[in-house]
Amino acid sequence: MSGMSQSGMRQKAVLFLLQAGPRFLPFADAATPDLPLGRLLRLSLFQVSVGMALVLLVGTLNRVMIVELGVSAALVGVMISLPLIFAPFRALIGFRSDTHNSALGWRRVPFIWRGTMIQFGGLALMPFSLLVLAGGGESADAPAWIGQLGAGFAFLLVGAGLHMTQTVGLALATDLAPVESQPKVVGLMYVMLLVGMVVSALLFGWLLADFSPLRLVQVIQGAAMATIALNVVALWKQEPRKPRYGAAVAAAPAKQPSFVEAWAHFAAGDRAIRRLIATGFGTMAFSMSDVLLEPYGGQILHMPVGTTTALTATLAIGGLFGFGLASRVLGRGADPFRMASYGALVGIPAYLALIASAPFDAPVLFGLGTAAVGFGAGLFGHGTLTATMNLAPKSQTGLALGAWGAVQASAAGLAVALGGIVYEAVAWFAAARGLDPATGYNAVYAIEIALLFAALLAMLPLLRRAPALAGAPPPTGAAVS
Amino acid sequence: MSDDPTKVWPTGLTLPEAEEIHRHIIDGTRIFALVSLAAHLMAYMFTPWLK
């Protein structure tokens, strides 16, 4: 064959690839003005993988390590809290994705991909390190620190991966969704997180019912594969390529702000810090008693085990109603902070109902209160995330979403830990003084009510400026319907 | 488009784009190598090659 025809074939091949290639490449054609529901549903799959990892860490492995593997509860507590170390770094991850210099013109995809890989790596390593941590098989002869180091490393990887994926995934959703459909996007993201948690909790429970070390390896590594599959499907052709991100940075590298500068700019704008404080108080209020609801039902109201398990479902269903209502109302252009404050206002009587259910010995009141807590938490979470998306400066979407996520995840983790400590301390004190056994729980519920008042106070100034702040377009005829 | 000299054969990507993708592949390989090394060590300690 002559050189001429060879280069001609090359030309043809390049032409073919340029025409056919994009169909097989993960690039979006262009930024479409509106996001079709199918594509949005697909994007929200990353929340399913995050929910799955969360359930695995906090629920399934928590139990498996203590019950099946016989690891000490204190060590399990340390391992499970390790991923929380990464929560504050979400702001930094978001910032890095905002300013990512990419020849491909991607800002979010590289981070979601890296997060996915890290989460996969952590899950792939997890089962073996847990088995060694428990001293199973022939690992009993090995020094204990190897298992502890391995398990710690695995938990850190999963935590880092899920925080990275979720932060940058939410930033990508914000980039893609026009302001008026952001409430819908937030609702969907929350629902998919919940769906991921519920479905995988049931699935893990069913798969691990007949526990064996081999089964543990299969289930956790299966979860690792599912993470990759879900996130690749979620990511495929979502982010449009905008070479200008890379080009602009290459042209003016000195203009790249540092994280501190970007943070200062973000914090100076539109009461950002106050919004984060309100988010922190509210999230703490709604998560402090998360793990105390079931024991309260069992110990104080003498509900059977099946019924207390239903409490968690009641909480989730209340949350779903909250997300649904908030999506509807905010989709019509209502102020998201007003919605968040309604959530806090629902939470206060809800926690009072929990406290009152013991003296009246009314499990029904407790159930209703639990549903109302879920509902209030749904309204609050939806309101604050929608506000964050609406108000995120165009060039700092990742930082804004990262800051929200950092506050939200840290506050939730801290609250669960504090709730446990406060309960233990007060219950011990109450037992010593011969007080009502419900005192320990009531102390936590009372702190939650106080935190809700604090969140409301923090949000008040945000409400007064609501019309100017909302950022949502004024309701049009079509939107009001 | 096909005669854009910055596009390299056979992918139709430009050189910086191709290098960026390659960097991700290298990073990925490193992470996986590290993780699989640790996982193999743990698996061996638990049960030395399923003896």
Between A:Val305 and A:Val179, what length in nm is gained on full extension when 0.36 nm per residue of separation is reduced by their alpha carbon distance?
40.9 nm
Under a point-charge model restricted to the Cβ atoms of Lys and Arg (+1) and Asp and Glu (-1), what is the dipole moment magnitude of the protein assembly as shown relative to its Cα centre, in debye to the nearest 20?
1320
How large is the convex hull of the Cα atoms of the stretch A:268-472 per residue, expressed in Å³ as a whole number?
108
Residues A:Leu463 and A:Lys394, FRET efficiency given R0 of 22 Å [Cβ-Cβ distance, rounded to 0.05]:
0.35
Using only alpha carbon pairs under 8 Å that are at least six residues apart, calculate the relative contact order of the stretch A:33-241 and give it in whole percent.
40
Once both label points are put 7 Å beyond Cα along the C-beta direction, the B:Tyr44-A:Ala362 separation in nm becomes 6.5
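Using a 10 Å cut-off around each Cβ of peptide A:125-131, what is the average number of partner chain Cβ atoms that fall inside?
6
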Expressed as a whole-number percentage, the relative contact order of the stretch A:172-331 with C-alpha contacts under 8 angstrom and at least six residues apart is 43
If you count, for every residue in A:447-455, the Cβ atoms of partner chains within 10 Å of its Cβ, what is the mean?
0
Cα→Cβ-extended label distance, 7 Å offset, between A:Arg215 and A:Val195, nm:
2.8
On the formula 1/(1 + (r/R0)^6), with r taken between the Cβ atoms of B:Ile26 and A:Ala425 and R0 of 35 Å, the FRET efficiency rounded to 0.05 is 0.10
Here the stretch A:79-86 yields Karplus 3J(HN,Hα) values (6.51, -1.76, 1.60; θ = phi - 60°; whole Hz; Gly and Pro given as x) of 4, 5, 7, 4, x, 5, 4, 7
Folded to 0 to 90 degrees: helix A:109-133 orientation relative to chain A principal axis, Cα:
50
Backbone HN-Hα couplings from phi across the stretch A:385-398 [Karplus 6.51/-1.76/1.60, Hz, Gly and Pro as x]
5, 4, 4, 4, 5, 4, 8, 4, x, 3, 8, 10, 4, x
Residues with amide H under 5 Å from that of B:Thr14, placed H, sequence gap 5 or more
B:Val8
Where Cα atoms sit under 23 Å apart: lysine pairs in chain A separated by 8 or more or lying on different chains
6
Inter-chain shielding metric for B:12-21, i.e. average beta-carbon neighbours from other chains within 10 angstrom, reads 5
Pseudo-spin-label distance A:Arg328 to A:Lys12, built 7 Å along Cα→Cβ, given in nm, is 6.1
A:Ala144 label point, 7 Å along Cα→Cβ, cut-off 12 Å on backbone N: hits in the stretch A:73-108?
A:73-76
Mean separation of Cα contacts under 8 Å, 6 or more apart, over the residue count of chain A: relative contact order %:
23
In debye to the nearest 20, the charge dipole size for the stretch A:268-472, taken about the Cα centre with +1 at each Lys and Arg Cβ and -1 at each Asp and Glu Cβ, equals 900
Summing +1 for each Lys or Arg and -1 for each Asp or Glu, what net charge is found among the other residues whose Cβ lies under 14 Å from the Cβ of A:Ala415?
-2
Say the dipole of chain A comes from +1 at the beta carbon of Lys and Arg and -1 at that of Asp and Glu; which of A:Val132, A:Pro110, A:Pro213 then lies farthest toward its positive end?
A:Pro110
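Computed from the coordinates by the stated procedures, all read-outs in this text should not be read as laboratory data. It should be emphasised that the depicted structure is a prediction, and the values quoted were computed from it without experimental measurement. All Cβ positions, even for glycine, are placed from backbone atoms using ideal geometry, and neighbour counts span all protein chains on display.
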